[in-house]
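Each value in this text was obtained by applying a stated rule to the coordinates, not by laboratory testing. In this text the structure is predicted, and so the values were computed from the model without any measurement. Every residue, glycine as well, gets a Cβ built from its backbone with ideal geometry; the counts of neighbours run over all protein chains shown.
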Amino acid sequence: MPPSTPFRPEPEMSDNPYATALAANPFAQALDKPDRYVTFCGIDCDGNAKLLMQYVRRHIDQPGQSNAFWDQFRDKLEGRSSQRCDELFLVHSYINMLRELFETHDDQEALALLDKLEDECC
């Protein structure tokens, strides 16, 4: 007779990926918000990094607002220098420069998103 396996109910299907992660992960059930140290379910690192790059481009694409660093950053983002870097990699690599850019332009919305990315994904 084959060994019996314990009954595990199927997690409820939900439009909320965090709720699905909670149902499937007993460690995540104690959390009140997503925690990257438990699970990345419910955390949209790639989507938020892409959104953050829109904020970056809003500042560095203005005539007279860029410099050699941001020109090279743009080249990496667009794949014009060696290999194209994905948005999340660029956030990880240049988080302090991004913070300085947003502080210089007093872009509170971008700073809040950067903080969220740093807490959840970096």
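Things worth noting here:
- Considering residues of the stretch 59-91 that are touching a residue at least 40 places away in the same chain (Cβ under 8 Å) and not hydrophobic (A, V, I, L, M, F, W, C) only, the residue farthest from ALA112 (Cα to Cα): ASP86
- Test set (1) in a helix (DSSP H, G or I); (2) surrounded by 14 or more Cβ atoms within 10 Å (Cβ to Cβ); (3) among the hydrophobic types (A, V, I, L, M, F, W, C) - CYS85 fails condition number: (1)
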